[in-house]
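The block underneath contains the structure these notes are about, expressed in structure tokens.
Every number in this text was worked out from the coordinates using simple rules, so none of it is lab data. Just so it is clear, the model here is predicted, and its values are computed rather than measured. All Cβ positions, glycine included, derive from the backbone under ideal geometry; neighbour counts span all protein chains shown.
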Amino acid sequence: MFKIVDKKQLNSSVTSLTFDAPFIAKKVKPGQFVIIRIDEKGERIPLTVSDFNSDNGTLTVVVQAIGFTTKKLTALNVGDSVLDLVGPLGLPTEFGAPKKAIVIGGGVGCAIAYPQAKYLHSIGVDVTVIAGFRSKDIVILEDEMKAVSNAYFVTTDDGSYGRKGLVTEVLSELLNKGSYDLVIAIGPVPMMKFVSLTTKPFGTKTIVSLNPIMIDGTGMCGGCRVNVGGETKFACVDGPDFDGHLVDFDELMRRNSFYKQEETHKCRLGDNK
Ligand SMILES: Cc1cc2nc3c(=O)[nH]c(=O)nc-3n(C[C@H](O)[C@H](O)[C@H](O)COP(=O)(O)OP(=O)(O)OC[C@H]3O[C@@H](n4cnc5c(N)ncnc54)[C@H](O)[C@@H]3O)c2cc1C
Ligand code: FES
């Protein structure tokens, strides 16, 4: 059992949960994820480690409540436990040796991008963060991102906070003005696709973190198959980070919507059947 030792509501649908998980906290690196199962009947859901502290043995995940299991998980409180928390899974991010990097987070993707920005900042990289949200009320982790970046931009689709527009507009301006050797983009698949298309003409190394449907998370089931540079890769063991210039994002979007009907049905049923 893994106990929740801290819980913060970041916006109406996004919750930060910190677990007591000393063995994983000692090993995990930015870019890796865990698979959580709440109870015996529960489904396994992958969640990226948003923060960790190897000294006190805790790890934090930031969860957007969008379906049956994420709603059940975010309803738990400090002192409650989950049955399984398996990890660290996946490969750590391969940053190379950048001097200037742009880290882009879209929505809850900001929580997944945070450890990347934090790590790069800690090793002296000049980090610019671009955080994109639909509107002001769902902006998350602003202070945390500012603390680990040299420059911070926030955009909202409706202009209710920061700059009105898309993260790619700010990105394009930055790339036209200065030179960067790394862009990391984490968020909705269309956002990662358009970030990769924006950086391609500049030849800037671009890392994206893919979120295909995962089942076992250990390379056995093939559920998380993605096409990268014409080759089949399994996001759970070969990723989840990949070169954004090589990913077939359209195929990923098609595969991610395979089970929409079943997921909606299950959420309506509201139990573990
Ligand atoms: C490597 C990886 C890291 C992720 N990290 C985070 C994170 O840090 N925070 C966060 O909020 N979400 C994260 N996700 C997405 C999260 O796993 C899904 O939101 C969750 O599984 C949805 O389950 P549900 O029962 O609540 O929703 P459902 O109603 O079952 O599904 C809602 C949507 O979630 C996606 N989904 C469903 N089941 C899975 C599955 N087994 N694997 C992957 N996606 C699924 C599908 O796109 C689906 O349409 C990550 C996904 C992957 C693959
Ligand atoms: S989740 Fe089964 S192979 Fe990746």
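For a distance above 24 Å, tell me the whole-number percent of Cα pairs in the chain that qualify. The calculated P(r) of the chain puts 48 percent of pairs beyond 24 Å.
Treat the count of other C-beta atoms within 10 Å as a stand-in for reagent exposure and order Met192, Met253 from fewest to most.
Values: Met192 26, Met253 13.
Placing the least packed residue first, the sequence is Met253, Met192.
All other residues whose Cβ lies under 10 angstrom from that of Val247 are scored, Lys and Arg at +1 and Asp and Glu at -1, for a net of -2. All C-alpha to C-alpha distances of the stretch 40-151, sorted into 10 Å bins beginning at zero, yield P(r) values of 12, 39, 34, 14, 1 percent in whole numbers. For the chain, a crude dipole built from +1 on the beta carbon of Lys and Arg and -1 on the beta carbon of Asp and Glu, taken about the Cα centre, is about 200 debye to the nearest 20.
Result for the chain in a Gaussian network model with C-alpha springs under 10 Å: among Lys27, Lys193, Lys136, the largest mean-square fluctuation is at Lys27. Neighbours of Leu197, meaning other residues whose beta-carbon lies under 14 angstrom from its beta-carbon, give a summed charge of -2 when Lys and Arg score +1 and Asp and Glu score -1.
No solvent, one uniform scatterer per C-alpha: report log10 I(q)/I(0) for the stretch 2-89 via the Debye equation at q = 0.15, 0.20 1/Å, two decimals. Result of the Debye calculation: -0.47, -0.87.
With a cut-off of 15 Å between beta carbons, the residues surrounding Lys99 carry a summed charge of 0, where Lys and Arg count +1 and Asp and Glu -1.
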